[in-house]
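As structure tokens, the structure follows; a few thoughts come after it.
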Amino acid sequence: MPLSHRLAALTAAGVLAAAGLTGCSATGEASGSGTPSRAGAEGAVGKAAFDNADKPVVKGTFDSPAAQGAKVDIAIMGLRVKGKLATLNVQFTPHVPGAEPGRTNAYGLNGDHGLGTSLIDPVNLKRYVVVKDSSGKELETDDIFTHMTNDQATPFYFTFAAPPENVKTLDVQIGSWPTFRDIPVQR
């Protein structure tokens, strides 16, 4: 483990130990007082949640060059903006004849090419690509190392810079497959 990670872990352990010594419980209440230590903070910040759409916005079945007769179902589950970021949630369901368990991935389904997922704003004439974190890693599900099970949906996510407030729909391009048109932007 690099020195910087060890220092961060030791610092976190020290903070946790100090919090335990001050008598705070895991719920944010001081021991024995019964009054919250974060008075109203939960209401201001909101509750933790995750994107979980039950029904796709749109879906399609497309040919795949992964094998003779291979197909892939692509379902756009939603495009949600939070702050300055937009997250696209997608499900891929591979249908590859004779596929070995755990050997199918999106890279192979796209003919051994990266997905290159992008959002297209036809009104403002902009194309949004997946953003990168401070270490240069794209904020998306890995298309090579995320293995899929044949005939079962696998969730993927892609993170972009958020479009302007006036943009209500965007087109979505995934891999070499046809473009999904007019995907609603949820805010």
* Identify, from the list ASP151, ASP112, ASP182, the residue that is closer than 22 Å to ASP54 by Cβ, of a type outside the set (Phe, Trp, Tyr) and part of a loop (DSSP other than H, G, I, E, B). => ASP151
* Determine whether ASN105 is touching a Gly at 6+ places or on another chain (Cβ under 9 Å) and of a type in the set (S, T, N, Q). => no
* **Search result, residues across the range 131-148 that are closer than 22 Å to PHE160 by Cβ and outside any loop (DSSP other than H, G, I, E, B)** => LYS132, GLU138, GLU140
* Find the residue count for the range 151-184, including only residues that are under 19 Å from SER64 (Cβ atoms) and open to solvent by 50 Å² or more (accessible area, probe 1.4 Å). => 6
* Members of the range 157-169 that are part of a strand (DSSP E or B) and over 16 Å from PRO56 (Cβ atoms) -> THR159, PHE160, ALA161
* To do: Would you point out which residue out of TYR107, TYR128 is in contact with a strand residue (DSSP E or B) (Cβ under 6 Å, 6 or more places away or on another chain), of a type outside the set (A, V, I, L, M), surrounded by 13 or more Cβ atoms within 10 Å (Cβ to Cβ) and not in a loop (DSSP other than H, G, I, E, B)?
  => TYR128
* Asked: Do you know which residues across the range 67-96 are within 17 Å of GLY175 (Cβ to Cβ), assigned to a loop (DSSP other than H, G, I, E, B) and modelled with pLDDT of 95 or more?
  -> ALA70, VAL96
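The values are calculated or read from the model by the stated rules, or taken from the named source; none is laboratory data. As the structure is a prediction and not an experimental result, all values here were calculated from the model. We place every Cβ from the backbone using ideal geometry, glycine too, and count neighbours over all the protein chains shown. Surface accessibility is based on the protein's heavy atoms, side chains included, excluding ligands, DNA and RNA. Shrake-Rupley method; radii C 1.70, N 1.55, O 1.52, S 1.80 Å.
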